[in-house]
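Structure incoming, see below.
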Amino acid sequence: MRGMIYAQSPEGVIGVAGRIPWRYQGDFRRFKRVTMGKTLIMGRKTFESIGHPLVGRRNIVVTSHPIAIAGVESVPSIDEALERAGDEIDVWFIGGARIYAEAMKHVDLIDVTYVPDHVRVPDAVRAPRIDGTWEGSRLLQHEDEPLLKRRTFTRRPRA
């Protein structure tokens, strides 16, 4: 499985000024549970906003400037990141916006958490557009955070 996972505001915002503009501990717990033991692919800015490799997961960072930090593999492109991931069972793209946009053609699952926080700033980073090639599950209550909802999208079979 190759997927992307993110949370978004009602306006579709996923970040502002290199940060997630809300904080829900239950969503962080679910993110950790879903991604633990898996390969994560992220952009350099996402990695820098986290500040360290995520423990218990393989961290591949797409960047034009190699990162020399233990626990981080840096590669210049998503294609090379996927090549490095090889036959890993589960690979998660975790941001940012450019990575999501480029990864869209490579994934078969999108896991979206919906937060109630409104974010109305002009320089906000937005979630990727999910078009008609995807089928959404019903909206579910977030199992770890009662204020949140979530939905998964799977790619429709090609005709």
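Nothing in this text is a laboratory measurement; each read-out follows from the coordinates by a stated rule. Note that the coordinates shown come from a computational prediction; the quantities given were computed from them, not determined experimentally. Backbone-built Cβ (ideal geometry, glycine too); neighbour counts: all protein chains shown.
Go through the range 34-120 and tell me which helices (runs of 4 or more DSSP H), entirely inside it, have 2 or more residues that are of a type in the set (Val, Ile, Thr). If you could, list the steps in order and put the result at the bottom.
Working: elements: 44-50, 78-85, 97-103.
Output list reads 44-50.
Kindly list, by first and then second residue, each pair from a residue in the range 68-86 that is closer than 11 Å to MET42 by Cα to a residue that is of a type in the set (Ser, Thr, Tyr), limited to pairs with Cβ atoms under 7 Å and residues at least 6 apart or on different chains.
As it stands, the answer is SER74/THR63, since those pairs meet every condition given.
Quick check: anything in the range 28-46 touching a helix residue (DSSP H, G or I) at 6+ places or on another chain (Cβ under 7 Å) and among the charged types (D, E, K, R)?
There is no residue in the range 28-46 that is touching a helix residue (DSSP H, G or I) at 6+ places or on another chain (Cβ under 7 Å) and among the charged types (D, E, K, R).
Of the numbered conditions (1) surrounded by fewer than 21 Cβ atoms within 10 Å (Cβ to Cβ); (2) among the hydrophobic types (A, V, I, L, M, F, W, C); (3) free of Cβ contacts under 8 Å to residues at least 24 places away in the same chain, VAL61 fails exactly one; give the number of that condition.
(1)
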